[in-house]
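Step one of this worksheet: look at the structure below.
No lab work stands behind these numbers, since they all come straight from the coordinates. The shown structure was predicted, so the numbers you read here are calculated from the model rather than taken from an experiment. A quick note on method: Cβ atoms are made from the backbone with ideal geometry, for glycine too, and the neighbour counts reach across all protein chains shown.
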2 protein chains.
Amino acid sequence: MSAPLSPRKPRFERQLPQERRQALIDATIESLKRYGHEGLSVRRISAQAGVSIGLINHHFPKKDTLIAQAYRHFNSQLVGGVRAAALQAPATARARLRAFFRATFSPPNLDRDVLTVWVVFWSLYRHSPEIQKVHGETYREHIDLVRSMLADLAAEAGKFRFSLRLAAIGLTAMIDGLWLEWCLDPGNFRPAEAIALCESWIDNLGVAITHAENAADTLPTAR
Amino acid sequence: MSAPLSPRKPRFERQLPQERRQALIDATIESLKRYGHEGLSVRRISAQAGVSIGLINHHFPKKDTLIAQAYRHFNSQLVGGVRAAALQAPATARARLRAFFRATFSPPNLDRDVLTVWVVFWSLYRHSPEIQKVHGETYREHIDLVRSMLADLAAEAGKFRFSLRLAAIGLTAMIDGLWLEWCLDPGNFRPAEAIALCESWIDNLGVAITHAENAADTLPTAR
DNA sequence: CGCCTTACTGTACGATCGTTCAGTAAGCAT
DNA sequence: ATGCTTACTGAACGATCGTACAGTAAGGCG
């Protein structure tokens with residue numbers, strides 16, 4: 001092909017530490033999707049990333065550090081995605097929440113592999129202080145996003161029967177629970193039905209005003 | 001200490017296979033509570049049960065079989081417990097559901113270790129056909145219990161805005177999600193608040209009749 | 001072009017994994 | 001008591017785990 005002499009192809013390519021670290025984080029999540037809990041070994045991760053085993057410990061002091069940063073990245077991607085979907089929706093709080101539900105219960109978020117990743121991370125939670133720390137921070141992000149949208153909804157539709165805090169907790173629980181159930185058995189219900197259940201929940205947060213206001217808005221449960 | 005001659009203490013006690021199997025299942029769950037995912041090794045389990053390593057493979061063909069049976073036992077215990085709590089409650093569907101919620105969000109079910117056990121089992125789901133099989137059967141048990149109580153409620157309080165199927169899915173999702181959130185961070189809300197959220201969900205399943213009927217019944221959210 | 005930094009490789013190590021299996025002994029039956 | 005069945009033990013196997021480390025070479029710079 002090329003000149004036979006000096007231009008040997010290099011055996012590997014150097015990258016900036018921050019780029020390589022990100023590549024290793026991506027490989028961690030991909031390997032986790034493919035092999036489940038067993039995908040979290042340095043050998044599987046390095047094979048997925050196309051690098052040697054030792055490179056992981058060159059960029060991360062311990063394997064657990066890489067896993068915790070992968071968890072952080074995974075969280076940020078989800079929250080960033082659904083937040084973006086919500087913000088580019090029409091200007092009413094209800095429309096933003098609807099877009100938020102649709103993004104939550106659509107690919108790439110509603111994916112059996114993705115939810116496997118969540119469950120494996122959760123299974124590490126109790127015995128890994130690093131995972132706990134990351135969870136605390138990103139869970140707050142998620143709750144704050146939900147809470148801010150509910151606050152806007154309350155401003156439009158009237159007072160809730162619950163505190164904002166409790167309404168956000170309930171909605172998050174409903175979303176997480178439906179997520180989990182769909183992952184464990186996608187045949188039980190369709191994503192559109194999950195969205196309908198979430199919308200019903202926020203419909204009933206208000207007492208009377210909400211009920212009247214959304215008579216026409218809420219009826220089409222199909223997307 | 002004792003007589004020096006014939007009455008030597010036996011080095012171990014034989015047990016009936018079915019009893020020993022149950023003891024190993026109990027040890028599996030206990031080890032899982034203690035050590036998380038790492039507790040699912042034959043060495044930890046056998047140490048917990050006070051037997052040798054080889055005994056596990058004497059009673060179970062593979063480790064995965066023991067784990068799947070432990071999952072089944074754990075599921076049955078939960079469903080049996082909350083069903084019993086529901087059935088010994090007063091005769092109205094609402095009272096049974098209330099007792100069901102209380103049992104769900106009280107010890108021994110509402111326990112951080114217990115919920116760790118769930119999450120670890122779920123994390124095995126995708127790559128273990130045996131776990132999938134057990135889940136399919138026990139999940140149906142759980143859903144059927146919820147659905148039958150909701151059916152009774154519908155007979156008392158009027159038609160739901162959702163199908164029975166969807167109402168049961170939504171309630172189960174709410175319960176599981178609150179369970180999960182409380183496990184991951186018990187400081188975010190109190191169990192009584194979780195119960196209030198669940199009761200609010202079933203209150204709003206009916207359209208108008210329910211709302212009027214339970215004005216006095218629903219107010220005390222504290223237990 | 002030769003030097004220097006350091007990203008990167010890959011073997012080695014000890015620990016632990018699940019499973020096998022030959023041997024031991026508990027405890028009922030004769 | 002003696003024998004028989006089999007629950008049970010525990011060493012051994014090969015595989016895989018996370019980490020350490022000595023050596024290699026990529027690629028920018030003087």
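Run the dipole for region B:1-119 about the Cα centre, Lys and Arg Cβ at +1, Asp and Glu Cβ at -1, nothing else charged, and hand back the magnitude in debye, nearest 20. It comes to approximately 120 debye. Spherically averaged projected area of the convex hull of Cα atoms, region A:26-110: 6.3 nm².
Across the options B:Leu180, B:Leu16, B:Ile143, the greatest Cα extent toward the positive end of the charge dipole of chain B (unit charges at beta carbon of Lys, Arg, Asp, Glu) belongs to B:Leu16. Against the compact-protein benchmark of 2.2 N^0.38 Å, the Cα-based radius of gyration of region A:34-175 scales to 1.25. What Kirkwood hydrodynamic radius do you get for the protein assembly as shown when you take the inverse of the mean 1/r over all pairs of distinct Cα atoms, in Å? After inverting the pairwise mean of 1/r, the radius is 24.3 Å.
For a distance above 22 Å, tell me the whole-number percent of Cα pairs in region B:123-212 that qualify. For region B:123-212, the fraction of Cα-Cα distances above 22 Å is 40 percent.
With label points set 7 Å from Cα along Cα→Cβ, the inter-copy distances at A:Pro108 are 4.3 nm, sorted shortest first.
Helices in chain B, meaning DSSP H runs of at least 4 residues, each add -39500 (n - 2.57). Divided by all residues, the mean residue ellipticity at 222 nm is -22500 deg cm²/dmol. Shown here for region A:40-90: trypsin sites (Lys or Arg not before Pro) in loop regions (DSSP other than H, G, I, E, B) with at most 16 other Cβ atoms within 10 Å, namely A:Lys62. Could you tell me the number of lysine pairs in region A:1-155 with C-alpha atoms less than 24 Å from each other, where the two lysines are 8 or more residues apart or belong to different chains? Within region A:1-155, the lysine pair count is 5.
Suppose R0 equals 30 Å. What FRET efficiency, 1/(1 + (r/R0)^6) with r the Cβ-Cβ distance, do B:Arg140 and A:Arg161 give to the nearest 0.05? Working shown, then result.
On the way: r = 33 Å, r/R0 = 1.10.
It comes to 0.35.
Projecting the Cα atoms of A:Gln88, A:His73, B:Ala49 onto the charge dipole of the protein assembly as shown, computed from C-beta unit charges around the Cα centre, puts B:Ala49 farthest toward the positive end. Inter-copy label distances at B:Gln15, shortest first and taken from points set 7 Å along Cα to Cβ: 5.2 nm. Here the relative contact order of region B:53-128, from alpha carbon pairs under 8 Å that lie six or more residues apart, stands at 18 percent.
Do me a favour and compute the ellipsoid semi-axes for region A:147-188 from its Cα gyration tensor, root of five times each eigenvalue, largest one first, whole Å.
Values: eigenvalues 148, 17, 12 Å².
That gives 27, 9, 8 Å for the three semi-axes.
If we count every other residue with Cβ under 11 angstrom of A:Leu115's Cβ, Lys/Arg +1 and Asp/Glu -1, where does the sum land? With Lys, Arg at +1 and Asp, Glu at -1, the net is -1.
DSSP H helices in chain A with Cα extent of 27 Å or more along the helix axis and mean Kyte-Doolittle hydropathy at least -0.5? Show your work: numbers first, answer last.
Values: long enough: A:63-87 (36 Å, 0.10); A:129-157 (41 Å, -0.37); A:164-184 (30 Å, 1.28).
Helices meeting the criterion: A:63-87, A:129-157, A:164-184.
Mean projection of the Cα convex hull over all viewing directions, computed for region B:80-155: 5.5 nm².
In the assembly of identical copies, A:Glu156 has its label point, taken 7 Å from Cα in the direction of the beta carbon, separated from the corresponding points by 3.6 nm (ascending, one decimal).
Counting alpha carbon pairs within less than 8 Å and at least 6 residues apart, what relative contact order, in whole percent, applies to chain A?
Numbers: 190 pairs, mean separation 36.9, N = 223.
This gives 17 percent for chain A.
Relative contact order for region A:120-194: 21 percent, from Cα pairs under 8 Å spaced at least 6 residues apart, divided by residue count.
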